[in-house]
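Undergrad: Handing you this structure, nothing more for now.
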Amino acid sequence: MAEPKKLYIKTYGCQMNVYDSERMAEAMGGAGYTEVATPAEADMILLNTCHIREKAAEKVYSELGRFRGLKDANPDLKIGVAGCVAQAEGAEIMRRQPLVDLVVGPQSYHRLPEMEAKVRAGGTALDTDFPEEDKFELLKSRPKARRAPAAFLTVQEGCDKFCAFCVVPYTRGAEFSRPAQRIIDEANDLVERGVREITLLGQNVNAYHGAGPKGGDWTLAQLIWALAEVDGLERIRFTTSHPNDMADDLIEAHRDCAKLMPYLHLPVQSGSDRILKRMNRSHTADSYIRLIERIRAARPDLLLSGDFIVGFPEETEEDFRATLQLIEEVRYGQAYSFKYSTRPGTPAAERAQVDADEASDRLHRLQTLLTGQQREIQESMVGRELDVLLERAGRQPGQMVGKSQYLHAVHVTAPDAAPGDMVRVRVAESVTNSLGGVLI
Ligand code: SAH
Ligand code: SF4
Ligand code: F3S
């Protein structure tokens, strides 16, 4: 047998890219590659990229530049760019950085093995199609490696919402939901390979409307209830949700489905109705707050997470204060906040931009408020009993690290436990990014 070729993949951006990188590694496994941990050992380097903000996209070019020495040392080394920068910039990437042999978009990476053969033969390869065939179907039946206890599973891709700041509808294309049975089969396969917790992924996951096994479309809640029947699967999560797609049956699932974890990522972006309108979000601050009230009535202990953009074009100090006020009212256990970044081709790029220093100042004030809330909510876990799904060994001897139902990282001394075990823990302390506890 020929010696396996070595593949190094670096992943940027969201969880969907993490999932895609795993699928790309599997596809390349079929073409004789095994994954390695450093670019220096590799015969092929793939950067799976993100285009969401300017910084994310620019990082890719600086990383590519660093591979020049490796390519000089190993003329057989091939370099590929995948993901959303590949989709957005296409052939321009090879013009700007001639080290790149291959460019593949997020909808066509099941064609990687053919593309690899083409670049091995001395050419370049570019594929940023949105093909008719189902990439997930074509990626089936790859080597069945043992998996870590928590896994991602993409159920829905693309987005039709066209928020005025966002590149996703352009890089990921139109919204598409996978048929329910394929997702159930994939979940069963993951569980057989050691998975205990699945996070269902989609850019608008709660807009899921895939074909049901017996005809008719299923909602995300129907899919969750079907997955709850999978023996050995103990936890279900989903991300990212849009406030406009938070259906009643999904809220009820948060009340009634024991396997659905009490955590919800529901980005609001801004607390100013004027800005929300200019963002094309089609919800108001008030409708969002009412929605949160309904969800919390169904599941009072739910930990809420959100995304915020400050310095969106035309945002005034008053608009910004409305965002702070919304945060005060809602209280977030987790949050991601960003300074607006101009994305070429999106509607907001053409509008009056907020002064950069002013935007930095707002981001700082926003993050101070959010960090305080996060810390308080994390500290409120001290003294409580939590269920922790152990994921890996910790730094100290006998220590394990896992996640609580609220997604906090929890350290616990459990010398006899193994990854995949679900343990009951009493929380003893809250440190910067995690909780510490003792087994019950
Ligand atoms: N589909 C998800 C999130 C997609 S991108 C949703 O609708 O919520 C993740 C986050 O990046 C967004 O929620 C937004 O807060 C941020 N983001 C997207 N485009 C951005 C831009 N141009 N500048 C700054 N932040 C941006
Ligand atoms: Fe982007 Fe808006 Fe779609 Fe989310 S809902 S992916 S922010 S366009
Ligand atoms: Fe980035 Fe693409 Fe995800 S732009 S956030 S990697 S969908």
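Undergrad: Can you tell which of PRO267, PRO213 is out of contact with any helix residue (DSSP H, G or I) (no Cβ under 7 Å at 6 or more places or on another chain), in a loop (DSSP other than H, G, I, E, B) and either among the aromatic types (Phe, Trp, Tyr) or surrounded by fewer than 22 Cβ atoms within 10 Å (Cβ to Cβ) (or both)?
TA: Sole residue among the options that is out of contact with any helix residue (DSSP H, G or I) (no Cβ under 7 Å at 6 or more places or on another chain), in a loop (DSSP other than H, G, I, E, B) and either among the aromatic types (Phe, Trp, Tyr) or surrounded by fewer than 22 Cβ atoms within 10 Å (Cβ to Cβ) (or both): PRO267.
Undergrad: Right, another one. Just for helices (runs of 4 or more DSSP H) wholly inside region 7-125: which have at least 1 residues that are in contact with a Phe, Trp or Tyr (Cβ under 8 Å, 6 or more places away or on another chain) and within 16 Å of ligand 2 (Cβ to nearest atom)? Show your work before the answer.
TA: Values: elements: 15-29, 54-65, 68-73, 83-89, 92-96, 112-120.
In region 7-125, the matching helices (runs of 4 or more DSSP H) lie at 15-29, 54-65, 83-89.
Undergrad: Turning to a different aspect of this structure: Within region 402-440, how many residues turn out to be surrounded by fewer than 21 Cβ atoms within 10 Å (Cβ to Cβ) and among the β-branched types (Val, Ile, Thr)?
TA: Final tally of qualifying residues: 6.
Undergrad: Give me the residue from region 390-440 that is part of a loop (DSSP other than H, G, I, E, B) and of a type in the set (Asp, Glu) and, out of that set, nearest to the chain's Cα centre (by Cα). Break it down stepwise before answering.
TA: Initial filter on region 390-440 (part of a loop (DSSP other than H, G, I, E, B)): 394-398, 405-408, 414-421, 432-433, 440.
The next check asks that each one be of a type in the set (Asp, Glu); those that pass are 416, 421.
Working: ASP416: 32, ASP421: 24 Å.
Per the stated criteria, the residue is ASP421.
Undergrad: Something else about it: Mind listing whichever residues of region 97-111 are touching a Leu at 6+ places or on another chain (Cβ under 9 Å) and among the polar types (S, T, N, Q)?
TA: GLN97
Undergrad: Something else now. Considering region 79-95 alone, what residues qualify as being over 16 Å from ALA56 (Cβ atoms) and either of a type in the set (A, V, I, L, M) or open to solvent by 20 Å² or more (accessible area, probe 1.4 Å) (or both)? It would help to see each step written out before you state the result.
TA: Residues of region 79-95 that are over 16 Å from ALA56 (Cβ atoms), as a first pass: 79-80, 90-92, 94-95.
The answer is ILE79, ALA91, GLU92, MET94, ARG95.
Undergrad: Just to check your reading of the model, which residue among GLN378, GLN367 is farther than 25 Å from GLU234 by Cβ and touching a residue at least 24 places away in the same chain (Cβ under 8 Å)?
TA: GLN367
Undergrad: Still on this structure: Check off (1) within 13 Å of ligand 2 (Cβ to nearest atom); (2) surrounded by fewer than 19 Cβ atoms within 10 Å (Cβ to Cβ); (3) at pLDDT below 95 for PRO131 and give me the number that stays unchecked.
TA: (1)
The values are calculated or read from the model by the stated rules, or taken from the named source; none is laboratory data. Just so we're clear, the structure is a prediction, and the values are computed from it rather than from any experiment. Cβ coordinates were reconstructed from backbone atoms using ideal geometry, including for glycine residues, and neighbour counts include every protein chain displayed. The protein model used for the area step is the full one, side chains on, heavy atoms only, and it has no ligands, DNA or RNA in it. Shrake-Rupley method; radii C 1.70, N 1.55, O 1.52, S 1.80 Å.
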